[in-house]
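Engineer: Pasting in a structure now, in structure tokens, and then I'll have a few things to ask.
The values are calculated or read from the model by the stated rules, or taken from the named source; none is laboratory data. Computed from a prediction, not measured in an experiment: that's the story for all the values here. Glycine gets a Cβ as well: all are built from the backbone with ideal geometry, and neighbour counts include every protein chain shown.
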Amino acid sequence: MKEIRETQKKYCSLALVTAIIIGFFLIIAGQSSLGKGLILGTLFSSINFALMGEVLPHKVGKSRGKTYLISLGSIVSRYVLLAVPIVLGIRFPDRFDLITVIIGIFMVQLVILWDYLKSAILLTHRKKI
């Protein structure tokens, strides 16, 4: 459980900080709807990632039927959660840009991919030395 929380903290923090920095520069550049959309999507992406980590230990050691119900409930609730920023982007296009909301929703996954690629490149570089 401790490892899951550390992983969540690492990736969610990095995703939020990245989105806030990029969003800040977009707002300063006069593109406030782009910046706010990115931050909104990333916030909900981080919440979604945290919920996945919270539900994971509840699946272990349960019967097949209970695991199915927990998984189904988790998926449905996380889809509903991720629908919120999309609906806000559609309903309020002057406040939240829909495209950057969607990019923000994938921000945690992008940070995980970036971390993996960075590690793979460094590992490959070290093997050559």
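Engineer: Within the range 4-20, does at least one residue satisfy the condition of being part of a helix (DSSP H, G or I), in contact with a Leu (Cβ under 7 Å, 6 or more places away or on another chain) and within 17 Å of residue 99 (Cβ to Cβ)?
Structural biologist: Yes, there is a match, as at least one residue in the range 4-20 is part of a helix (DSSP H, G or I), in contact with a Leu (Cβ under 7 Å, 6 or more places away or on another chain) and within 17 Å of residue 99 (Cβ to Cβ).
Engineer: Is it fair to say residue 42 is at negative phi, surrounded by 19 or more Cβ atoms within 10 Å (Cβ to Cβ), at pLDDT 95 or above and within 15 Å of the chain's Cα centre (by Cα)?
Structural biologist: In short, yes.
Engineer: Given the structure, is residue 95 surrounded by fewer than 13 Cβ atoms within 10 Å (Cβ to Cβ), over 12 Å from residue 41 (Cβ atoms) and charged (D, E, K, R)?
Structural biologist: No; evaluated as a whole, the condition is false for this residue.
Engineer: I would also like to ask the following. Within the range 83-129, count every residue that is more than 28 Å from residue 27 (Cβ to Cβ) and of a type in the set (Val, Ile, Thr).
Structural biologist: Matching residues across the range 83-129 total 3.
Engineer: Still on this structure, please answer the following. Scanning for something out of contact with any Pro (no Cβ under 6 Å at 6 or more places or on another chain), hydrophobic (A, V, I, L, M, F, W, C), surrounded by 13 or more Cβ atoms within 10 Å (Cβ to Cβ) and at pLDDT below 95, does the range 70-91 turn up at least one residue?
Structural biologist: yes
Engineer: Kindly state which helices (runs of 4 or more DSSP H) lie completely within the range 28-129 and contain at least 2 residues that are closer than 19 Å to residue 14 by Cα and either free of Cβ contacts under 8 Å to residues at least 12 places away in the same chain or touching a strand residue (DSSP E or B) at 6+ places or on another chain (Cβ under 8 Å) (or both).
Structural biologist: Per the criteria, 107-128.
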